Amino acid sequence: MDARFDRMKIGVVGLVPGVGAGFVSTCLAGALAETGEYSPALLELGGEGLYDVLAMDKHFAGRDYFPFFQSVAGDRSIRCRNNLLNEVNWVLKSPPEYGITLDLLKMIRMANHTAGDMILCKIGSMQEEDLWRLLWDMDRVLVVIDPLPSRMLAGHKFLCALRTSGLPILYLINKMNGGVSRRELLNYLKLKKPHYLPMLEPEIIYSAEYSCRFPYDLTSSKTRIKKSMNGLIGDLLDVKLP
């Protein structure tokens, strides 16, 4: 990792909703923790739902789950607080917090004060002005793209703005599969070296939720994406992983 970063904020944003930015964020947090070199946190900004997807109520049964969003909304400190599980600090909206909407300054405060050295900010829906100001507060930005043509067309305006923004961006093509024409894909996106994650069988995703496990923890998933995740981490942090 670049010597000037002893703590990095990585914004993860989908080109359009539904491209798998939550899945990518969750797997990236797991892969970072697995290296043993980093203390990642996953922070959910401008959206909600990962708490239920990851069955946090089951994982934290019998112990407290700290309400970060409630605390920040009430102007209380979140320093040194965590929801530690599998060596990741999970800063996700719990169901009692679903009605809470934070303004931009409070979202930035969360990103700056969350415990960890790799703060993955999964950025969801919000006003366009707030989105861009939040992206500019990140040290790196990871843009997740679904290669389905209609999805890419829906995000064309946002993609053009990202390409000319000057932000420190990496692009990840999620759900890559044999039906995609890589040549047409790259010609349309005008990206030289995006990263790729393969499309996983629906059975893997459903199995993870039914068994209350994280997708990256399933052998059927990890064997398919581990190499890609390590390559992505290498580029994000300027390090080399096996």
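The values are calculated or read from the model by the stated rules, or taken from the named source; none is laboratory data. These numbers come from a predicted model, not from an experiment. Positions of Cβ are generated from backbone atoms using ideal geometry, with glycine treated the same way; all protein chains shown enter the neighbour counts.
Some points to look at:
- In a residue-by-residue description of the stretch 39-51, the property of being under 23 Å from residue 78 (Cα atoms), in contact with a Lys or Arg (Cβ under 8 Å, 6 or more places away or on another chain), surrounded by fewer than 21 Cβ atoms within 10 Å (Cβ to Cβ) and of a type in the set (Asp, Glu) applies to at least one position.
- Single residue of the stretch 77-95 satisfying the filter (of a type in the set (D, E, K, R) and modelled with pLDDT of 95 or more) that is surrounded by the most Cβ atoms within 10 Å (Cβ to Cβ): 93
- Taken together, the residues in the stretch 166-182 that are without any contact (Cβ under 8 Å) to a residue 12 or more places away in the chain and either assigned to a helix (DSSP H, G or I) or over 16 Å from residue 151 (Cβ atoms) (or both) amount to 3.
- Out of 153, 185, sole residue that is over 15 Å from the mean Cα position of the chain (by Cα), surrounded by fewer than 14 Cβ atoms within 10 Å (Cβ to Cβ), assigned to a helix (DSSP H, G or I) and among the aliphatic types (A, V, I, L, M): 153
- Residue count for the stretch 72-123, restricted to those that are within 19 Å of residue 26 (Cβ to Cβ) and acidic (Asp, Glu): 3
- For the stretch 99-142, a residue qualifies if it is among the acidic types (Asp, Glu), surrounded by 15 or more Cβ atoms within 10 Å (Cβ to Cβ) and over 17 Å from residue 41 (Cβ atoms), and exactly one does: 130.
Let's see how each residue does on (1) modelled with pLDDT under 95; (2) crowded, with 24+ Cβ neighbours inside 10 Å:
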residue	(1), (2)
2	yes, no
13	no, yes
21	no, yes
30	no, no
33	no, no
36	yes, no
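- Qualifying residue in the stretch 189-204 (condition: in a helix (DSSP H, G or I) and in contact (Cβ under 8 Å) with a residue 24 or more places away in the chain): yes
- Single match in 135, 120 (criterion: assigned to a helix (DSSP H, G or I), in contact with a strand residue (DSSP E or B) (Cβ under 7 Å, 6 or more places away or on another chain) and either among the hydroxyl-bearing types (Ser, Thr, Tyr) or on the phi < 0 side of the Ramachandran plot (or both)): 135
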